[in-house]
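As structure tokens, the structure follows; a few thoughts come after it.
The values are calculated or read from the model by the stated rules, or taken from the named source; none is laboratory data. From a predicted model like this one, the values you see are computed outputs, not experimental measurements. Cβ sites come from the backbone with ideal geometry, for glycine too, and all protein chains shown count toward neighbours. Accessible surface is based on the protein model in full, side chains and every heavy atom, while ligands, DNA and RNA are left aside. Shrake-Rupley method; radii C 1.70, N 1.55, O 1.52, S 1.80 Å.
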Amino acid sequence: MQSFFLKDITNIVSGEYYGINNIQFRKLITDSRTTGNSSSDLFIAITGIQHDGHKFINELYKNGVRAFILSKDIQFQNYPEAGFIKVKNTIEALHALASYKRNMFDIPVIGITGSNGKTIVKEWLSWILNNKFKITRNPKSYNSQTGVPLSLWLLEKDSELGIFEAGISQPGEMEKLEKLIKPTIGILTNIGSAHQANFSSVEEKTTEKLKLFKDCKTVIYNSDDQIADRLLKSNNKIEQFITWSENNNGLINIKHIEYLKDKSKISLLYDGKEINFSIPYSDKGSVQNAISCFCVLVALKIDIHGPILKRFASLPNVKMRLEMLKGIHNSVLINDSYNSDINSFEIALDFLNRKKGNRNSIVIMSDILQSSDNEKELYQSVSKLINEKNINRFIGIGKALSAYKKLFHENALFFNNTEEFINDLKYSDFYESAILLKGARDFRFEKISSKLQAKNHETVIETDLNLIKYNLDFFKSHLAPGTKIMAMVKAFSYGSGYVEIASLLQHNRINYLAVAFVDEGIELREGGITTPIMVMNPNLQSLQSMISYRLEPEIYSLTVLRELIRELENNDITDFPIHIKLDTGMHRLGLTEADIDEFCKIINNTKTIKLTSIFSHLAGSDDKNLDYFTKQQVELFLSMYDKICQLTSLKPDRHILNTNGIIRFPEYDFEMVRLGIGMYGLIPELKGEIFQVSRFKSVISQIHHVKKGESISYNRSGKVDRESVIATIPVGYADGLDRRLGNGNWYFYVNSHKAFTIGNICMDMCMIDITDIPANEGDEVIIFGKRNSILEMAEILNTIPYEIITGISQRVKRVYYEE
């Protein structure tokens with residue numbers, strides 16, 4: 001990537017330069033956690049309501065970063081080897097840099113927008129065209145106000161085609177992105193309901209998205225969309241419309257689509273001729289995305305009757321998210337197969353380093369097939385990234401990688417194909433490791449994944465880490481700036497998994513984690529979590545473990561306090577952090593008003609402890625009828641807190657708000673809040689504002705055709721009154737599926753159809769009625785998800801969502817996804 005002198009871009013970003021003059025950079029970063037070869041990174045300190053990049057300048061400088069753009073005053077003399085550009089607005093500076101880079105290139109640039117399909121169309125176009133052009137595109141779905149400029153900066157001297165997607169969530173955003181991308185060819189995928197909340201109508205959202213095509217020469221879209229068709233044809237600057245239609249009113253018209261089990265055959269009419277090709281997917285969305293790609297061939301004047309159509313038959317499965325699984329021997333398996341290119345590789349390596357904790361890092365990678373780069377230079381780049389990211393071990397699979405094995409460290413292993421690797425597989429080599437799988441589709445890395453997974457139970461809980469981050473940001477937006485957050489990860493992180501969720505929260509710089517028991521905290525520490533951890537139920541027998549693992553106890557009684565001090569004195573420890581719980585009306589745990597004098601006397605006579613925070617627990621923050629009691633609790637809490645401060649001359653942090661309290665009582669934010677079930681999207685009152693993060697799914701094990709009058713399950717509990725088709729699902733009450741959900745009291749989703757339970761729930765299995773539902777053995781079954789939610793299940797069972805999600809057995813495999 002081309003190098004620039006930092007001082008030379010001062011005028012481009014309308015800033016003032018400070019520091020030494022010879023600072024150079026190549027890569028732009030806005031996230032301090034993703035810096036790789038630090039000396040070549042330019043860090044742009046972006047500020048927001050709940051984040052401020054300026055806080056990390058000192059840390060980045062220590063790690064070798066020497067180029068910065070910022071908007072706040074700092075002590076420049078404290079960084080004698082660095083260069084700084086001070087600007088009024090760092091986002092605007094980032095956009096100015098991206099615009100400067102874009103203006104260096106006079107090449108075709110494709111701009112893609114729409115509600116769905118943007119990333120898939122972008123990735124498929126890259127796959128189809130990579131042997132004809134040197135392509136630069138957004139990594140993953142980097143389509144935001146920061147993602148787009150970071151993507152444009154990836155343009156290089158030999159770039160021949162740019163493909164960039166643009167996403168918006170509110171009015172005013174697309175105009176800014178258009179000025180950056182400046183597309184010559186535009187693609188509108190479709191307009192759906194995504195991000196509709198900030199738009200008054202579909203037409204308003206369509207109008208905003210179409211601003212991307214303001215100066216396009218060519219625009220590709222489905223002319224059956226009457227709103228888009230009318231709005232686009234009112235733009236006199238567009239020279240060419242390449243439209244497609246199901247209703248015979250486009251430049252390209254669909255003659256016939258044949259949907260088969262694992263592929264679709266597409267017949268199009270264009271220029272008086274019939275064009276036929278197939279794709280390896282059998283859903284309507286994939287067909288529409290493939291037709292958009294075909295239209296690009298027309299726009300670029302590529303021979304559509306030549307061999308390029310054959311590439312549609314092997315379009316890759318675009319995984320929008322990284323998949324994280326529990327691996328063998330206490331390992332973590334990160335599956336990013338089918339995204340095989342150098343830009344996504346660097347992103348995946350950053351993800352690996354975030355998730356590895358104390359484990360060794362291993363990368364298993366195939367030949368990169370989606371690139372027209374010079375092979376030697378390509379694998380030199382791969383080797384360089386492996387070294388920069390401090391990967392412990394590299395395994396290359398493929399003849400191209402094997403041919404360039406001398407570029408890699410001597411401990412790297414190479415195999416000609418996947419089968420050769422599997423035949424040589426030694427499971428002991430993957431003990432306590434973080435393993436990244438990065439393979440092209442042709443190499444069938446799912447075979448490796450199945451070998452390295454810890455559990456093969458077909459019933460799994462999927463957790464969307466991006467939705468946890470979304471929910472977290474929602475609650476952050478309701479807090480006063482500077483308010484700390486303690487995230488609750490007790491009870492197996494509400495059934496979602498300890499280390500994986502804690503790792504995400506640590507990456508997002510949560511101030512504190514809270515667990516119920518010492519063993520939970522130990523598991524997090526051994527998993528590489530360094531964030532401060534409060535233990536809510538410490539016991540006297542575990543005090544030494546808390547000291548050893550730097551776990552901070554909740555002190556709820558004078559007895560526990562005295563025992564802790566005695567243990568600390570025996571270990572000659574001072575300033576050990578503790579958190580004091582006050583009983584203000586819950587009457588579960590906590591010091592009472594009568595304990596305060598004695599507590600303060602103990603605190604004043606010891607140097608062993610540091611009073612970090614004082615807190616209490618609200619009994620009814622979600623119940624409007626109990627608001628009077630909540631206010632009484634807060635008044636008592638403040639009174640007790642003030643007395644402690646007066647008697648000890650200390651002023652620790654205060655926290656009393658839980659998830660519901662954050663929303664309903666913002667006046668009581670104090671210095672910190674505790675966020676729990678809200679992170680997982682399970683607050684009924686906030687439905688539509690936060691989102692359920694988990695999906696419980698399984699497969700159909702067997703299908704039975706049952707005659708009228710026969711029965712299903714134990715005690716002949718399920719009776720059929722017609723010829724029926726019954727599916728057996730490998731999930732039962734031992735997995736956490738409540739027995740009360742049998743006998744038609746709950747429904748699963750099978751191929752988008754509701755299928756109700758029939759008969760009693762068994763220990764390891766249950767049955768559902770799939771009569772009139774198209775289904776096969778092995779098809780996916782959604783036990784709960786977006787459409788049959790945990791909230792709905794809780795209502796049916798007359799319980800709370802906590803009970804359902806924490807009741808899912810740990811024998812059920814946990815799978816994690818993140819973009």
I'd like to know if segment 289-312 contains one or more residues that are within 30 Å of GLN380 (Cα to Cα), open to solvent by 30 Å² or more (accessible area, probe 1.4 Å) and not aromatic (Phe, Trp, Tyr). yes
Can you say whether LYS438 is closer than 25 Å to LYS389 by Cα and basic (Lys, Arg), as far as the supplied structure shows? yes
Considering segment 5-18 alone, what residues qualify as being open to solvent by less than 60 Å² (accessible area, probe 1.4 Å) and either at pLDDT below 95 or in a loop (DSSP other than H, G, I, E, B) (or both)? THR10, ILE12, VAL13, GLY15
Just wondering, is there one or more residues in segment 239-247 that are open to solvent by 10 Å² or more (accessible area, probe 1.4 Å), among the small types (Gly, Ala, Ser) and modelled with pLDDT of 95 or more? no
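The rows are residues; the columns are (1) among the polar types (S, T, N, Q); (2) open to solvent by 10 Å² or more (accessible area, probe 1.4 Å); (3) within 21 Å of LYS326 (Cα to Cα).
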residue	(1), (2), (3)
PHE784	no, no, no
ALA794	no, no, no
ILE800	no, yes, no
LYS813	no, yes, yes
Cβ-Cβ below 8 Å, separation at least six or inter-chain, first residue in segment 699-727 and in contact (Cβ under 8 Å) with a residue 60 or more places away in the chain, second part of a strand (DSSP E or B) and open to solvent by 60 Å² or more (accessible area, probe 1.4 Å): which pairs? VAL699/GLU780
Within segment 565-583, residues being in a helix (DSSP H, G or I) and over 19 Å from PRO652 (Cα atoms) number 5
Kindly list, by first and then second residue, each pair from a residue in segment 56-69 that is surrounded by fewer than 18 Cβ atoms within 10 Å (Cβ to Cβ) to a residue that is assigned to a helix (DSSP H, G or I), limited to pairs with Cβ atoms under 6 Å and residues at least 6 apart or on different chains. ASN63/SER38; GLY64/SER38; GLY64/SER39
Limited to segment 415-440, what total is found for residues that are under 24 Å from LYS355 (Cα atoms), in contact with a Ser or Thr (Cβ under 8 Å, 6 or more places away or on another chain) and part of a helix (DSSP H, G or I)? 1
Scan segment 506-534 for residues that are assigned to a loop (DSSP other than H, G, I, E, B) and closer than 28 Å to LYS55 by Cα and jot them down. ASN508, ARG509, ILE510, ASN511, GLY527, GLY528, ILE529, THR530, THR531, PRO532
Can we say ASN466 is closer than 21 Å to GLY785 by Cα and either hydroxyl-bearing (Ser, Thr, Tyr) or surrounded by fewer than 24 Cβ atoms within 10 Å (Cβ to Cβ) (or both)? yes
Go over the candidates SER292, SER267 one by one and state the one that is modelled with pLDDT of 95 or more and in a helix (DSSP H, G or I). SER292
Selection count, segment 345-389, where residues are assigned to a loop (DSSP other than H, G, I, E, B) and small (Gly, Ala, Ser): 3
Taking the options HIS617, HIS579, HIS655, HIS587, name whichever one is on the phi > 0 side of the Ramachandran plot and within 40 Å of the chain's Cα centre (by Cα). HIS587
Would you check if there is a residue in segment 357-367 being more than 30 Å from ALA502 (Cβ to Cβ), touching a residue at least 60 places away in the same chain (Cβ under 8 Å) and surrounded by 18 or more Cβ atoms within 10 Å (Cβ to Cβ)? yes
Pairs, first without any contact (Cβ under 8 Å) to a residue 40 or more places away in the chain and assigned to a loop (DSSP other than H, G, I, E, B) in segment 477-489, second among the aromatic types (Phe, Trp, Tyr) and open to solvent by less than 70 Å² (accessible area, probe 1.4 Å), C-beta under 8 Å, six or more apart: VAL489/TYR498
